[in-house]
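Participant: Questions regarding the structure given below will be posed in turn.
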């Protein structure tokens, strides 16, 4: 039996991996994690420090890496004994949110953005479409605080850029029409038992009763 594929996402530092881990802990689910992008994307740190110079290369790498990851995902969906596979990012966001935000911030030129859009139209044909998108909401203030507190290598804490990415993700979620979407409110504390139970209650109508 083919597993059901779902995704958790949100702006940078919103807590998509936390959502994925909660799903893993309560349902018969396996996870497909994006991993440490600052290690896997050779352009990522350069793009954070000089987005106008390296932003295009970084976004192109994300598109190519996502296509490769989803090639592996198709095999896992067939072979896993889990009922669900959850990914802590959707590849559709790389162009749908990040490239758009970079273009609006003028760190991608019109020509670079047009080329990324053309590449994306072809590459996204290889992506699996999730049965459910779980969107973790955050405020601008929460995102800035989280980025500063986790101090991830290469992750810039430019307030203007973080707000631009946040706005781009909000539009991405508002425009999402490929499958069902549920929004996890920003004021739910998912590291606390109460917040985790709120999330489980929110997802149960979509995923069925928890198995753990």
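The values are calculated or read from the model by the stated rules, or taken from the named source; none is laboratory data. The model shown is predicted, which means the values in this text are computed figures rather than measured ones. Here the Cβ positions follow ideal geometry from the backbone for every residue, glycine too, while neighbour counts run over all protein chains shown.
Participant: Name, by its number, the condition in (1) in a loop (DSSP other than H, G, I, E, B); (2) within 21 Å of residue 60 (Cβ to Cβ) that does not hold for residue 178.
Facilitator: (2)
Participant: Among residues belonging to region 5-44 that are part of a loop (DSSP other than H, G, I, E, B) and touching a residue at least 60 places away in the same chain (Cβ under 8 Å), point out the one that is farthest from residue 201 (Cα to Cα).
Facilitator: Across region 5-44, the extreme among qualifying residues is 12.
Participant: All but one of (1) in a strand (DSSP E or B); (2) surrounded by fewer than 16 Cβ atoms within 10 Å (Cβ to Cβ) hold for residue 209, so report the exception by its number.
Facilitator: Condition (1) is where residue 209 drops out.
Participant: Those residues that are within 17 Å of residue 17 (Cβ to Cβ) and out of contact with any helix residue (DSSP H, G or I) (no Cβ under 9 Å at 6 or more places or on another chain), I need them from region 36-72; list them, please.
Facilitator: 36, 39, 69
Participant: So which helices (runs of 4 or more DSSP H) stay within region 50-138 end to end and still have 3 or more residues that are at pLDDT 95 or above and surrounded by fewer than 22 Cβ atoms within 10 Å (Cβ to Cβ)?
Facilitator: 51-79, 110-123
Participant: Okay, moving on. Kindly check whether there is at least one residue in region 59-72 that is more than 17 Å from the chain's Cα centre (by Cα) and free of Cβ contacts under 8 Å to residues at least 60 places away in the same chain.
Facilitator: Yes: region 59-72 contains one or more residues that are more than 17 Å from the chain's Cα centre (by Cα) and free of Cβ contacts under 8 Å to residues at least 60 places away in the same chain.
Participant: A further question follows. Which residue is nearest to the chain's Cα centre (by Cα), if the candidates are limited to region 155-175 and must be crowded, with 16+ Cβ neighbours inside 10 Å and assigned to a loop (DSSP other than H, G, I, E, B)?
Facilitator: The qualifying residue nearest to the chain's Cα centre (by Cα) is 155.
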